[in-house]
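K.L.:
Right, I'll just put the structure down here and ask away after.
What follows draws every value from the coordinates through simple rules; no lab data is involved. A quick note: this is a predicted structure, and the numbers were derived from the prediction, not measured. Ideal geometry is used to build each Cβ from the backbone, glycine not excepted, and the neighbour counts take in all protein chains shown.
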Amino acid sequence: MNEKILRVGFVGAGDHATQCIYPSLRMAPCKLAAITDLDQAKAEDAARRFGAGAVYTDYHKMMEKETLDAIFCVGGEKLHMEVAMAAMDAGLHVFIEKPPCENSGQAEQMLKKSKAAGKHIMVGFMKRFATGFQLAKEVSLREEFGGIHQYLAKFTTGRYKKEERFIPHHTIHHFDLARFFLGEITELYTRSVKIAEGKVGYDISLKSANGAIGTIQMSSLHDWSYPNERVEVTGDERVVIVDNITDVSYYRPRQRRNFLEQYKLEDSGDALHWSPNMTASVLMSHRGYEGEVAHFVNSILTGTVPMPDIGDGVKTMRLLDAFNQSVKSSSPVTVKGDE
C-alpha cells in the first residue's frame with residue numbers, strides 16, 4: 001500500500017461537489033487541507049462535513065497560504081479553466097470536472113500550459129471508471145470479441161431549464177465514452193429535433209479512425225424518472241450491453257442444442273450477466289466517482305499520467321465543437337485532429 005499522502009485543496013462546495021466528489025476522497029490516499037467557495041457558509045459547512053482544516057473565499061489565497069500538492073475544482077467551465085491555469089502557475093496538479101472549459105481552443109491552451117508547467121490536469125469524465133463500462137471495455141478487448149465494429153449509445157433526461165447547458169454538461173459524457181471504446185472519432189453528423197424550449201433530441205452518427213461506426217442518441221424529451229442510459233458494443237457475433245451503468249450482459253454465439261435443451265434454465269454459456277449488490281453501500285463506486293478520484297491521487301503519488309487528461313479534454317471538446325457545427329449546418333463534419 002502506498003504510504004504517501006497527497007495534500008489537496010478544493011475549489012467549489014456546491015451540490016455536485018458535496019454529493020459526489022468530496023465523499024469519494026475517502027477512498028484515496030489524500031488529505032483535504034482546505035476548501036474555497038465564494039459562499040463562506042457553504043465552504044464552512046463542507047469543511048465540517050469532510051474534515052478540511054481551513055476555509056477560504058479566494059482560491060488564490062488558498063494556493064498561496066496552504067502547502068498543497070494538487071487542486072480539485074468542481075464548478076462551471078469558466079471556473080475550471082481559471083483555476084487550472086492558476087494552479088499550473090502555482091506548481092500544482094489539477095483535477096477538474098467536465099467540461100474542462102468552454103471550447104477546444106481553450107482546452108488547447110490548458111494543454112500547452114500543463115506541458116510547460118510539467119503538471120497534470122485530469123478531467124472528470126467519470127463514466128470511464130464506472131464498473132459497468134470498465135467490464136464492457138475489458139470484454140471488448142478480448143481476442144474472442146473480434147474487435148469493435150459498431151457502437152450504440154442512449155443517454156436521455158427530462159427537460160433542461162437551460163438548453164445551452166444540455167450539451168456541454170450532459171452529452172459530453174458520451175462523447176468521451178465513445179472515444180473510450182472506439183478510439184478517435186474522425187467524422188460526426190447530427191440530426192436534431194426540438195419540441196419546446198429545453199426539450200431537444202439528437203441522433204449523432206460517428207465514424208472512428210479504426211473504421212467502426214456508431215450512433216449516440218441524446219435527448220431531454222424523456223421524464224427524469226425513466227431508465228435513461230444504454231451502451232451496446234458490437235464485435236464479431238458478440239455484443240456487450242451496459243444498461244444504466246449497473247447491469248452488464250455479454251452475449252456470445254448460441255451453442256448448438258436440440259429444441260428442448262435450449263429452454264432449460266441452466267448456464268448455457270451463451271450469455272454472462274453482472275449486476276451490483278444493491279443492498280451494499282457501493283453504488284457511488286460503481287458510478288465512477290470514487291474510481292476517478294482514486295486514480296488521480298494515485299497517479300500523482302506514483303508519478304504517472306492521470307487519464308483522461310487535458311489532452312483527452314482537447315479531443316472531446318473538438319467533438320463538442322464538431323457537434324455544434326453539424327447541428328448548424330445539417331451536414332457531416334470532419335473532426336479536427338492533431339496537427
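K.L.:
For 226, 289, what's the fewest-to-most ordering of other Cβ within 10 Å of each Cβ? Each step should come with its number before you reach the end.
P.N.:
Values: 226 11, 289 23.
Neighbour counts put them in this order, fewest first: 226, 289.
K.L.:
Here is a further query. Dipole magnitude of the stretch 80-219 about its Cα centre, charges +1 at Lys/Arg Cβ and -1 at Asp/Glu Cβ only, in debye to the nearest 20?
P.N.:
Dipole magnitude for the stretch 80-219 comes out near 260 debye.
K.L.:
Rounded to the nearest 20 Debye, what is the dipole magnitude of the stretch 41-136 about its Cα centre when Lys and Arg each give +1 and Asp and Glu each give -1 at the C-beta?
P.N.:
280
K.L.:
Here is a further query. Which angle between 0 and 90 degrees, to the nearest 10, do you get for helix 289-302 versus the longest principal axis of the chain when only C-alpha atoms count?
P.N.:
60
K.L.:
If you filter the stretch 138-219 for trypsin sites (Lys or Arg not before Pro), then keep DSSP loop positions with at most 10 other Cβ within 10 Å, what is left?
P.N.:
Listed in order of number, the matching sites are 161, 162.
K.L.:
For the Cα atoms of the chain, what angle does the longest principal axis make with the long axis of helix 310-329, in degrees from 0 to 90, nearest 10?
P.N.:
Once rounded, one gets 60 degrees.
K.L.:
How big is the charge dipole of the chain about its Cα centre, in debye rounded to the nearest 20, if each Lys and Arg gets +1 on its Cβ and each Asp and Glu gets -1 on its Cβ?
P.N.:
200
K.L.:
Something else: Find the centroid of the Cα atoms in the stretch 186-222 and in the stretch 16-47, then give the distance between the two in whole Å.
P.N.:
Computed from Cα coordinates, the inter-centre distance equals 35 Å.
K.L.:
Kindly flag which residue pairs out of 61/336; 98/336; 42/112 have an alpha-carbon separation exceeding 30 Å in this structure.
P.N.:
The answer is 61/336; 42/112.
K.L.:
A further question follows. Which of the pairs 113/161; 113/137; 78/315; 137/194 have their Cα atoms more than 24 Å apart in this structure? Write down the numbers at each step before the final one.
P.N.:
Working: 113/161 34 Å; 113/137 31 Å; 78/315 18 Å; 137/194 33 Å.
From the list (113/161; 113/137; 78/315; 137/194), the Cα-Cα distance tops 24 Å for 113/161; 113/137; 137/194.
K.L.:
Okay, next question. Helix 77-89 versus the longest principal axis of the chain: what is the Cα-based angle in degrees, 0 to 90, to the nearest 10?
P.N.:
Around 60 degrees separate the two axes.
K.L.:
Let me ask you something else. Among 101, 216, 11, flag the residue with its Cα farthest along the positive direction of the charge dipole of the chain, charges on Cβ as +1 for Lys/Arg and -1 for Asp/Glu.
P.N.:
216
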